[in-house]
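See below for the structure under consideration.
What follows draws every value from the coordinates through simple rules; no lab data is involved. The structure presented is a predicted model; accordingly, all values stated were derived computationally and were not measured. When we count neighbours, we look across all protein chains shown, and the Cβ atoms used for this are built from the backbone with ideal geometry, even at glycine.
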């Protein structure tokens, strides 16, 4: 009976995860970062050679992964109207690239499944703990959102977690294959995000702790002899460099990219101290617990509580001693807990903070959480495990409610702390207004539009309007022939003031549309065009 109930609970967690992830993908407006990544990929798909840019946005793996997926014919011929949420009967139609952002988001699902498989194939803390870890990660709000976000985060989290798994497997039984796989996934993590150095630091310290805890691991590693040690180290480094160099050199077409991968740390070091996304030290702790925002609750408190309980239980079992298998399972939990905690601690010390950076530590946190869940119901006495199972179900439902708020109820709402600087839903009204202007304009799809940034990023507009050949985007400047444009969008109050003075009051009608929290677009439409739209 207990086994059947556990299977049903895990199935419910996975079903809830699929529901929340798919709902988030279909309902959420494109984030500026997603639009930039999609634009880079679209250029690749249209034949442009990819070259790594050390000044951002991140590593090459996301683009090459999407490019490989798009070689399958079933993924072609999607309409841009899907991601713009513009009715299909409007004049706005897809560009020849045929790319849908919703499809790009869904392409990331295998990486979520891969993380589940890493829990299960390793099962270093036991099979039951691995299944509960999967359930925890499935229900995590961070997972439900960022496993379907077309940015680098889910690939990075999967690569770091796989590197940790193979590193632990190597400690248990050193082989060239395990050393090479650990190196390959570490290389993939590096080829995905520059923040990999934080993960590598955390894994190094957690590995040292594991070796200190388990004498048999020390014997496995230090008893190899110089030749074998050198061979294993060479296998790790060779696999790491093979993946690292392949991606950053654009598979040989841009050798300069390998050097740029190191130069990028100058840019990201400056970005980490930037005031643009400055948050207090406890920012990540607030996300990992629970917080109320204008009546709605968000957070990961049930998982975090299980994480703390699992870590404490593992420490207690190590202190008591016991069977070697019990000690190894507990040591693995401490290994994951230290790696997760150190990543969070280092990230908390940086000024630049974003919620998606927690996804990689969360994958590690779910291992201790699953360990605690398995321990709660390990008793064979019904009087003990039935109340414990009921408590687990209550925690799971609580996490579902928190994650549902983050992923489904408030997918792009500024009140949602699990997202950051997200495009608001009013942005879709801007796209509809532009479609209306195109419909009545003599220029049709060639309608001239100017976006004047004025210090605010216009993304995701360049992605959604990529099919308009006469849509132009200016940074700090303003085009001299501004009155030749039928639609002018000012992205900041300063830009709006400058544009308003140049256009005058009589020839244009102004409207306002939200783009992000505290970012309002001022849209100037030629009066004759606006009057036609209003008819």
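How do 415, 178 line up, fewest other C-beta atoms within 10 Å first?
Arranged by neighbour count, lowest to highest, 415, 178 become 415, 178.
Points 7 angstrom from Cα along the Cβ direction at residue 221 and residue 497: gap in nanometres?
With each label point 7 Å from Cα toward Cβ, the separation is 6.0 nm.
Based on the Cβ-Cβ distance of residue 397 and residue 506, what FRET efficiency does E = 1/(1 + (r/R0)^6) give at R0 = 51 Å, to the nearest 0.05?
Numbers: r = 60 Å, r/R0 = 1.17.
Calculated value: 0.30.
Rounded, prolate or oblate: which one fits segment 213-324, using the alpha carbon gyration tensor with axes a ≥ b ≥ c (rounded when a/c is under 1.5, else prolate when a/b beats b/c, else oblate)? Working shown, then result.
Numbers: a/c = 3.09, a/b = 1.09, b/c = 2.83.
Cα axes put segment 213-324 in the oblate bin.
Could you work out how far helix 196-213 tilts from the main Cα principal axis of the chain, as a 0 to 90 degree angle to the nearest 10?
10 degrees
Over segment 111-205, consider all pairs of different Cα atoms and compute the Kirkwood hydrodynamic radius from their mean reciprocal separation; express it in Å, one decimal. If you can, show how the numbers build up before the last one.
Details: mean 1/r = 0.0728 Å⁻¹.
Here the Kirkwood hydrodynamic radius works out to 13.7 Å.
Based on other C-beta atoms within 10 Å, arrange 113, 509 from fewest to most.
On the way: 113 12, 509 17.
Ascending Cβ contact count within 10 Å gives the list 113, 509.
When all alpha-carbon pairs of segment 412-473 are counted, what percent fall beyond 19 Å? Write down the numbers at each step before the final one.
Working: 734 of 1891 pairs.
Of all Cα-Cα pairs in segment 412-473, 39 percent lie more than 19 Å apart.
How far is helix 256-272 tilted, in degrees, relative to the longest principal axis of the Cα atoms in the chain, given as a value from 0 to 90 rounded to the nearest 10?
Compared with the principal axis, the helix lies near 90 degrees.
Work out how far the C-alpha atoms of segment 158-269 reach from end to end along every principal axis, then list the three figures in whole Å, largest first.
For segment 158-269, the Cα extents along the three principal axes come out at 44, 27, 23 Å.
For a test of the definition: using alpha carbon positions, the gyration tensor, and the 1.5 limit on a/c, classify segment 415-535 as rounded, prolate or oblate. Walk me through the numbers before you get to the answer.
Details: a/c = 1.64, a/b = 1.35, b/c = 1.22.
Verdict is prolate for segment 415-535.
If you average the sequence gap of Cα pairs under 8 Å that are 6 or more apart and divide by the length of the chain, what percent do you get for the contact order? Let's see the in-between values first.
Numbers: 887 pairs, mean separation 99.2, N = 535.
This gives 19 percent for the chain.
Compute the relative contact order of segment 344-474 as a whole-number percentage, counting only Cα pairs closer than 8 Å that sit 6 or more residues apart in sequence. Each step should come with its number before you reach the end.
Working: 77 pairs, mean separation 19.9, N = 131.
Normalised by residue count, the contact order of segment 344-474 is 15 percent.
Based on alpha-carbon positions alone, could you give the equivalent ellipsoid semi-axes of the chain from the gyration tensor, as √(5λ), descending, whole Å?
Numbers: eigenvalues 431, 143, 77 Å².
Gyration-tensor ellipsoid for the chain: 46, 27, 20 Å.
Looking only at segment 280-294, which residues have a backbone nitrogen under 18 Å from a spot 7 Å from the Cα of residue 308 in the C-beta direction?
Backbone N within reach: 282-292.
By counting other Cβ atoms within 10 Å of each Cβ, how are 64, 248 ranked from fewest to most?
Result, fewest neighbours first: 64, 248.
Using only Cα atoms, tell me the angle between helix 176-190 and the longest principal axis of the chain; keep it within 0 to 90° and round to the nearest 10.
Approximately 30 degrees, to the nearest 10.
Hey, what number do you get for the chain at 222 nm if only DSSP H runs of n ≥ 4 count, each worth -39500 (n - 2.57), divided across all residues, to the nearest 500? Before the final figure, lay out the partial values.
Values: 23 runs with 323 residues, N = 535.
Here the helix-only value at 222 nm equals -19500 deg cm²/dmol.
Hey, quick one: spin label on residue 282, modelled 7 Å out along Cα-Cβ, who in segment 289-321 has an amide N within reach, i.e. under 18 Å?
289-294, 298-302, 304-305
Rg/Rh for segment 495-535 to two decimals, with Rh computed the Kirkwood way over all alpha-carbon pairs.
Rg divided by Rh gives 1.03.
Considering the Cα positions of segment 168-211, please state its Rg to one decimal place and its Dmax as a whole number of Å.
Calculated on Cα positions, Rg and Dmax stand at 11.1, 30 Å.
Please compute the contact order of segment 389-535 in relative form: average sequence separation of alpha-carbon pairs under 8 Å and at least six residues apart, divided by the residue count, as a percent. Spell out each step's value before the answer.
Details: 202 pairs, mean separation 34.2, N = 147.
Value for segment 389-535: 23 percent.
Using only the Cα atoms of segment 318-374, what are the Rg and Dmax in Å?
13.8, 44
Stretched out fully, how many nm does the piece from residue 233 to residue 379 gain, at 0.36 nm a residue minus the Cα gap?
Details: separation 146, 0.36 × 146 = 52.56 nm, distance 4.28 nm.
Computed gain between residue 233 and residue 379 is 48.3 nm.
Please compute the Kirkwood hydrodynamic radius over segment 440-510, one decimal place, Å, based on all pairs of different Cα atoms. It would help to have the intermediate numbers written out before the result.
Numbers: mean 1/r = 0.0803 Å⁻¹.
Across segment 440-510, the inverse of the average 1/r is 12.5 Å.
Just for the Cα atoms in segment 268-415, what are the lengths along the principal axes, largest first, rounded to whole Å?
The Cα atoms of segment 268-415 stretch 53, 34, 17 Å along the principal axes, largest first.
Given N residues in segment 343-459, what is Rg(Cα) / (2.2 N^0.38 Å)? Walk me through the numbers before you get to the answer.
Numbers: Rg = 23.7 Å, N = 117, 2.2 N^0.38 = 13.4 Å.
Working it through for segment 343-459, the quotient is 1.76.
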